[in-house]
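Encoded as structure tokens, the structure appears first; notes follow it.
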Amino acid sequence: MAEAVMSVPAPYQLYLPEAWAKDRGRCRAAGVPTAVKFHKKWEIALAQIDASLADDLPRPPVVADAGYGVATEFREGPAARRLSYTVGIRADVSLWPPGQRPLPPKSSG
């Protein structure tokens with residue numbers, strides 16, 4: 001039985017924590033260019049996915065841990081781009097099936 005195998009180059013980018021991004025003196029001392037700004041990790045990941053799609057690379061599935069799974073915006077990203085994906089979800093993250101919304105709060109009376 002043959003298995004399909006492929007390699008896809010993955011872009012990378014240094015994550016700059018928000019505390020660092022706000023401390024320009026610290027950034028200057030470390031040689032961080034002034035153009036580098038704070039972005040959430042999931043924002044960086046979606047931008048990297050978009051760059052890969054723009055380069056017309058093969059469309060492998062997106063695999064991400066629960067650190068990314070906590071961001072609804074990230075979880076919606078691969079589906080919006082018509083990509084297969086598997087994303088870890090922490091136990092404290094609430095999810096609803098497509099087309100459903102959270103139940104309204106119970107009335108106190």
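Quick notes on this structure:
- In segment 58-79, the residues that are of a type in the set (A, V, I, L, M), open to solvent by 50 Å² or more (accessible area, probe 1.4 Å) and under 25 Å from S7 (Cβ atoms): V63, A79
- In segment 37-48, the residues that are among the acidic types (D, E) form Cβ pairs under 9 Å with partners that are surrounded by 15 or more Cβ atoms within 10 Å (Cβ to Cβ) and part of a helix (DSSP H, G or I), at six or more places apart or across chains, as follows: E43/F74.
- Listed by first and then second residue, the pairs with beta-carbon distance under 6 Å, at least 6 apart or on different chains, first residue in segment 63-76 and within 21 Å of P102 (Cα to Cα) and touching a residue at least 24 places away in the same chain (Cβ under 8 Å), second of a type in the set (S, T, Y) and surrounded by 18 or more Cβ atoms within 10 Å (Cβ to Cβ), are F74/Y68.
- Checking segment 92-105 against the condition returns a match, with at least one residue being under 18 Å from the mean Cα position of the chain (by Cα) and open to solvent by less than 60 Å² (accessible area, probe 1.4 Å).
- Boolean, D23 is free of Cβ contacts under 8 Å to residues at least 24 places away in the same chain and over 22 Å from G88 (Cα atoms): yes
The values are calculated or read from the model by the stated rules, or taken from the named source; none is laboratory data. Here the structure is a predicted model, which means the values were calculated and not measured. Neighbour counts run over all protein chains shown; Cβ positions are idealised from the backbone, glycine included. Each accessible area value is taken on the protein alone, full model and side chains, heavy atoms only, with ligands, DNA and RNA left out. Shrake-Rupley method; radii C 1.70, N 1.55, O 1.52, S 1.80 Å.
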